[in-house]
Amino acid sequence: MQLNIAKLHTLKGFSFAEVCIAIVVCVVFGAATFQTNQRLLVALKSQKETTAASMMLQERMEKFRGFSYSNIADKTYVNTNVVQVKTTSEAALGNLSETITVSGYMNTGGTIGNYPSDGRTANKWVRNLTYPNGNQTDTNTSLATDNDLLKVDILLTWTSANGRSRTRDLAAVFGKGNIGP
């Protein structure tokens, strides 16, 4: 029996260069997967923040809908029952700034005017990290007597998960005869 030495040396395998290329391909795939996962997590957090902001706006507006017309125009009542009360959904919003403005929308003469274009002041509060219980920046004690309609604007500004500044707002108009407690 004769042994063929040429056949023994024809066994095939991977070269060192092929193994190195395979490792590089695996590393690139792993890095791409990690980056995709990071982007997905940021997108999910951003969506969570947007949902929390929408819920916060709805919670605030429902509070106003339950007030009588004179209570909406009363700066002390709004400050105590809305501005100083935290909502259940605001915890997800980083560096939150909330601006609530109650202004005259239609005066008793039937003229539609809106703060600040009509030159009159409104009741306006800003609540943020500096003023966690709110800070009233504008005051008008005659909103209820000077206007038949009041406009409530709520503006939220926060810093998103990716460091971007985001805003969301909601407005509603309330008239005399608004049913409240």
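The values are calculated or read from the model by the stated rules, or taken from the named source; none is laboratory data. The structure presented is a predicted model; accordingly, all values stated were derived computationally and were not measured. With ideal geometry, Cβ positions are generated from the backbone for all residues, glycine too; neighbour counts draw on all protein chains shown. Areas reflect the complete protein model, heavy atoms only, side chains present, ligands, DNA and RNA absent. Shrake-Rupley method; radii C 1.70, N 1.55, O 1.52, S 1.80 Å.
For residue 54, state whether it is among the hydroxyl-bearing types (Ser, Thr, Tyr) and under 18 Å from the mean Cα position of the chain (by Cα).
Considered against the rule, which asks whether it is among the hydroxyl-bearing types (Ser, Thr, Tyr) and under 18 Å from the mean Cα position of the chain (by Cα), residue 54 comes out as yes.
List pairs: first in region 29-57 and over 18 Å from residue 89 (Cα atoms), second acidic (Asp, Glu), Cβ under 7 Å, 6+ apart or cross-chain?
Correct list of pairs: empty, since none qualify.
Which residues, taken from region 122-175, are over 26 Å from the mean Cα position of the chain (by Cα) and surrounded by 14 or more Cβ atoms within 10 Å (Cβ to Cβ)?
Selection gives 140, 143, 144, 146, 147, 148, 149.
Let's see how each residue does on (1) of a type outside the set (Lys, Arg); (2) open to solvent by less than 60 Å² (accessible area, probe 1.4 Å); (3) part of a loop (DSSP other than H, G, I, E, B):
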position: 30; (1), (2), (3): yes, yes, no
position: 45; (1), (2), (3): no, no, no
position: 60; (1), (2), (3): no, yes, no
position: 70; (1), (2), (3): yes, no, no
position: 80; (1), (2), (3): yes, no, no
position: 87; (1), (2), (3): yes, yes, yes
position: 96; (1), (2), (3): yes, yes, no
position: 101; (1), (2), (3): yes, yes, no
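What number of residues within region 12-23 satisfy the criterion of being assigned to a helix (DSSP H, G or I) and open to solvent by less than 90 Å² (accessible area, probe 1.4 Å)?
The qualifying residues number 4.
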